[in-house]
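Participant: Questions regarding the structure given below will be posed in turn.
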Amino acid sequence: MDAASCSGVLSRAKLPVSNLHKFNQTLGSYIVSVSCQSSEGLNNVNRVSSQALAYTVRESYLCGPVQRRNPAGICAAGVATYGENAVEYESHAQAAEDKVGVLLLNLGGPDTLHDVQPFLFNLFADPDIIRLPRLFRFLQWPLAKLISVVRAPKSKEGYAAIGGGSPLRKITDEQAQALKTALEAKNLPVNVYVGMRYWYPFTEEAVQQIKRDRITRLVVLPLYPQFSISTTGSSIRVLQNIFREDAYLSRLPVSIIRSWYQREGYINSMADLIQKELGKFQKPEEVMIFFSAHGVPVSYVEKAGDPYRDQMEECIYLIMQRLKDRGINNDHTLAYQSRVGPVKWLKPYTDEVLVELGQKGVKSLLAIPVSFVSEHIETLEEIDMEYKELALESGIENWGRVPALNCTPSFITDLADAVIEALPSALAMSAPKNISQEDDHNPVRYAIKMFFGSILAFVLFFSPRMINAFRNQLF
């Protein structure tokens with residue numbers, strides 16, 4: 001979607017676009033510490049070189065002035081698009097010679113309760129989650145170990161409540177197989193891979209399999225509808241680091257689908273699910289449609305230009321417009337869940353809004369996990385258990401919840417279309433190493449940092465005051 005079309009949609013929704021433009025202008029120079037969408041995260045803003053993110057800000061990947069619209073008038077998956085004939089010809093004709101791969105990116109989650117603590121360690125050991133000043137980066141792993149140990153008991157309770165582990169891997173594998181089948185039905189044979197950010201199968205494992213399979217053209221599809229530096233941005237940086245180190249991968253043509261919340265197929269699929277669930281209420285017209293999106297710290301939006309909030313608000317607008325086209329004119333609201341730590345997160349907060357709605361006399365509510373396409377702990381435990389209980393206690397009598405898209409056929413078909421549309425824009429990506437990353441691979445330097453870092457971490461973080469702060473404020 002070009003700048004004019006982005007502005008047009010947002011204008012109709014009375015939404016600002018300044019952050020979208022700011023993000024397009026500054027992503028090449030800035031990146032921030034991210035808060036992972038698993039209810040575990042810290043924040044801090046940091047700069048990196050534009051070279052380190054050169055491939056993520058290719059003009060063809062951004063919803064900016066250089067991007068062209070497809071004939072349908074919808075920004076096709078966040079990449080440069082061409083006319084329908086060109087897309088069909090280039091993708092299918094080229095595919096006859098190429099070996100095409102599709103890499104699905106997702107967060108990952110512990111398979112068993114035993115995996116919870118090491119999963120959390122992987123999460124907090126990521127310098128994009130806890131971004132320390134350069135002088136204190138040697139504390140990354142000791143700090144991650146401490147936080148994961150302190151946090152694990154509470155997290156285990158949540159996973160135990162949904163069966164003892166996350167269903168995310170199973171569902172993502174099913175989505176991968178469904179996507180492969182859908183693409184084959186469109187005469188595009190592909191290999192589909194799954195790469196998780198913090199648990200098995202890791203992104204690194206998926207990339208190595210891509211290399212072994214000698215893939216010659218790759219489409220990267222993060223399973224996050226809206227772009228955020230805390231999800232898609234973090235996963236893309238991992239890929240950039242891997243590809244930079246490998247001669248074969250650095251020359252591999254890659255197309256990254258940065259966001260797809262505005263696609264017709266996604267909007268229709270969401271509207272279908274909402275309409276179906278509304279029909280289960282005794283008085284559907286009286287139901288409040290309650291969109292609950294995962295939150296991010298306000299600093300990401302206001303200081304780093306993260307487009308997440310604008311994209312989320314535009315997404316809600318598009319879904320509601322589609323429902324209105326079907327004669328559904330229910331009231332709706334948007335709130336943000338899963339905030340952690342002492343920093344300010346996007347408002348309004350889901351838990352606070354639920355209480356307010358109950359006080360205002362709302363009796364029927366349909367919750368929609370709009371930022372999630374797979375069931376996991378934040379839908380099955382946080383929404384279905386915690387928020388449902390809070391809503392009923394607040395006076396809401398009739399509760400419903402729209403399921404995640406999972407393998408909904410219309411949704412999978414649209415993802416397949418997004419892959420086909422993205423293929424022509426595949427370009428090789430590479431970036432030079434930087435000195436700090438080379439230093440991190442020095443085994444002697446690393447051992448010294450870890451030794452002194454562990455001692456300092458023990459002194460600083462195992463004091464009763466610090467432990468209490470971790471338990472009561474940060475988590």
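The values are calculated or read from the model by the stated rules, or taken from the named source; none is laboratory data. No experiment lies behind these values; they were computed from the predicted model shown. Cβ: placed from backbone, ideal geometry, glycine included. Neighbour counts: every protein chain shown.
Participant: Would you say residue 219 is surrounded by 24 or more Cβ atoms within 10 Å (Cβ to Cβ) and either over 17 Å from the mean Cα position of the chain (by Cα) or modelled with pLDDT under 95 (or both)? Show your work before the answer.
Facilitator: Details: surrounded by 24 or more Cβ atoms within 10 Å (Cβ to Cβ): yes; either over 17 Å from the mean Cα position of the chain (by Cα) or modelled with pLDDT under 95 (or both): no.
So residue 219 fails the test.
Participant: Looking at 135, 179, 146, which is the one that is buried (at least 21 other Cβ atoms within 10 Å of the Cβ), assigned to a helix (DSSP H, G or I) and not assigned by TED's automatic domain parsing to the domain that holds residue 102? Give the derivation first.
Facilitator: Details: 135 fails: buried (at least 21 other Cβ atoms within 10 Å of the Cβ); 179 fails: not assigned by TED's automatic domain parsing to the domain that holds residue 102.
146 is the lone residue from the list that is buried (at least 21 other Cβ atoms within 10 Å of the Cβ), assigned to a helix (DSSP H, G or I) and not assigned by TED's automatic domain parsing to the domain that holds residue 102.
Participant: Residues to consider are 236, 242, 229; find the one that is among the β-branched types (Val, Ile, Thr) and over 23 Å from residue 305 (Cα atoms).
Facilitator: Among 236, 242, 229, only 242 is among the β-branched types (Val, Ile, Thr) and over 23 Å from residue 305 (Cα atoms).
Participant: Please go through the stretch 355-368 and give me each residue that is in a loop (DSSP other than H, G, I, E, B) and buried (at least 19 other Cβ atoms within 10 Å of the Cβ), ordered by number.
Facilitator: 362, the sole residue that qualifies.
Participant: Given (1) under 24 Å from residue 258 (Cβ atoms); (2) not in a helix (DSSP H, G or I), identify the lone condition not met by residue 236.
Facilitator: (2)
Participant: In this structure, does residue 241 turn out to be assigned by TED's automatic domain parsing to the domain that holds residue 423 and polar (S, T, N, Q)? Break it down stepwise before answering.
Facilitator: Working: assigned by TED's automatic domain parsing to the domain that holds residue 423: yes; polar (S, T, N, Q): yes.
Spelling it out, residue 241 is indeed assigned by TED's automatic domain parsing to the domain that holds residue 423 and polar (S, T, N, Q).
Participant: Looking only at the stretch 170-202, filter to residues that are in contact with a Gly (Cβ under 7 Å, 6 or more places away or on another chain) and not aromatic (Phe, Trp, Tyr); which one of those is nearest to residue 232 (Cα to Cα)?
Facilitator: Looking at residues that are in contact with a Gly (Cβ under 7 Å, 6 or more places away or on another chain) and not aromatic (Phe, Trp, Tyr), I get 197.
Participant: Among the numbered conditions (1) within 21 Å of residue 239 (Cβ to Cβ); (2) crowded, with 19+ Cβ neighbours inside 10 Å, tell me where residue 110 comes up short.
Facilitator: (1)
Participant: For residue 352, indicate whether it is part of a helix (DSSP H, G or I), out of contact with any His (no Cβ under 8 Å at 6 or more places or on another chain) and under 23 Å from residue 168 (Cβ atoms).
Facilitator: Against the criterion (part of a helix (DSSP H, G or I), out of contact with any His (no Cβ under 8 Å at 6 or more places or on another chain) and under 23 Å from residue 168 (Cβ atoms)), residue 352 does not qualify.
Participant: Looking at the stretch 371-409, which of its residues are closer than 20 Å to residue 353 by Cβ and among the small types (Gly, Ala, Ser)?
Facilitator: Here is the first cut: in the stretch 371-409, the residues closer than 20 Å to residue 353 by Cβ are 371-372, 378-379, 381-402.
Within the stretch 371-409, 371, 391, 394, 395, 400 qualify.
Participant: Quickly run through the stretch 302-341 and pick out the residues that are part of a loop (DSSP other than H, G, I, E, B), farther than 23 Å from residue 355 by Cα and among the hydrophobic types (A, V, I, L, M, F, W, C).
Facilitator: Scanning the stretch 302-341 gives 304, 328.
Participant: Next up: In the list 191, 187, which residue meets the criterion of being assigned by TED's automatic domain parsing to the domain that holds residue 421, loosely packed, with under 14 Cβ neighbours inside 10 Å and among the polar types (S, T, N, Q)?
Facilitator: Values: 191 fails: loosely packed, with under 14 Cβ neighbours inside 10 Å.
187 is the lone residue from the list that is assigned by TED's automatic domain parsing to the domain that holds residue 421, loosely packed, with under 14 Cβ neighbours inside 10 Å and among the polar types (S, T, N, Q).
Participant: Among 198, 224, which is at pLDDT below 95 and in contact with a helix residue (DSSP H, G or I) (Cβ under 8 Å, 6 or more places away or on another chain)?
Facilitator: Numbers: 224 fails: at pLDDT below 95.
Of 198, 224, the one residue that is at pLDDT below 95 and in contact with a helix residue (DSSP H, G or I) (Cβ under 8 Å, 6 or more places away or on another chain) is 198.
Participant: Residue 371 fails exactly one of the following numbered conditions: (1) in contact with a strand residue (DSSP E or B) (Cβ under 6 Å, 6 or more places away or on another chain); (2) farther than 24 Å from residue 276 by Cα; (3) modelled with pLDDT under 95. What is the number of that condition?
Facilitator: That leaves (2) as the condition not met.
Participant: When the residues of the stretch 91-115 are narrowed to those that are acidic (Asp, Glu) and within 17 Å of residue 427 (Cα to Cα), which ends up modelled with the highest pLDDT? Steps first, answer last, please.
Facilitator: Step one: list which residues in the stretch 91-115 are acidic (Asp, Glu), which gives 97-98, 111, 115.
After this cut, where a residue has to be within 17 Å of residue 427 (Cα to Cα) as well, the list is 97-98.
Working: 97: 75, 98: 87.
Looking at the filtered set, the residue picked out is 98.
Participant: Considering only residues that are closer than 13 Å to residue 337 by Cα and among the small types (Gly, Ala, Ser), look in the stretch 367-411 and name the one that is nearest to the chain's Cα centre (by Cα).
Facilitator: The qualifying residue nearest to the chain's Cα centre (by Cα) is 371.
Participant: Exactly one of (1) closer than 20 Å to residue 234 by Cα; (2) modelled with pLDDT of 85 or more; (3) not in a helix (DSSP H, G or I) is unmet by residue 165. Its number?
Facilitator: So the condition that residue 165 fails would be (1).
Participant: Here's a follow-up. If only one of 198, 248, 159 is of a type outside the set (A, V, I, L, M, F, W, C), assigned to a loop (DSSP other than H, G, I, E, B) and either surrounded by 16 or more Cβ atoms within 10 Å (Cβ to Cβ) or assigned by TED's automatic domain parsing to the domain that holds residue 98 (or both), which one is it? So that I can check it myself, show each step before the final result.
Facilitator: Working: 248 fails: assigned to a loop (DSSP other than H, G, I, E, B); 159 fails: assigned to a loop (DSSP other than H, G, I, E, B).
Matching residue, one of 198, 248, 159: 198.
Participant: With (1) out of contact with any Ser or Thr (no Cβ under 7 Å at 6 or more places or on another chain); (2) touching a residue at least 40 places away in the same chain (Cβ under 8 Å) as the list, and residue 211 as the residue in question, which single condition is left unmet?
Facilitator: (2)
Participant: Take the stretch 391-428 and flag every residue that is of a type in the set (Gly, Ala, Ser) and part of a helix (DSSP H, G or I).
Facilitator: Taking the stretch 391-428 and keeping what is of a type in the set (Gly, Ala, Ser), we get 391, 394-395, 400, 404, 410, 416, 418, 422, 425-426, 428.
Listed by number, the residues that qualify are 391, 410, 416, 418, 422, 425.
Participant: Checking the structure you have, find out if any residue of the stretch 369-378 is outside any loop (DSSP other than H, G, I, E, B), aliphatic (A, V, I, L, M) and either touching a residue at least 40 places away in the same chain (Cβ under 8 Å) or surrounded by 17 or more Cβ atoms within 10 Å (Cβ to Cβ) (or both). If you could, list the steps in order and put the result at the bottom.
Facilitator: Within the stretch 369-378, the subset outside any loop (DSSP other than H, G, I, E, B) is 377-378.
So of that shortlist, the ones also aliphatic (A, V, I, L, M) come out as 377.
Of the ones still in play, those that are also either touching a residue at least 40 places away in the same chain (Cβ under 8 Å) or surrounded by 17 or more Cβ atoms within 10 Å (Cβ to Cβ) (or both) are 377.
The answer is yes, given that some residue of the stretch 369-378 is outside any loop (DSSP other than H, G, I, E, B), aliphatic (A, V, I, L, M) and either touching a residue at least 40 places away in the same chain (Cβ under 8 Å) or surrounded by 17 or more Cβ atoms within 10 Å (Cβ to Cβ) (or both).
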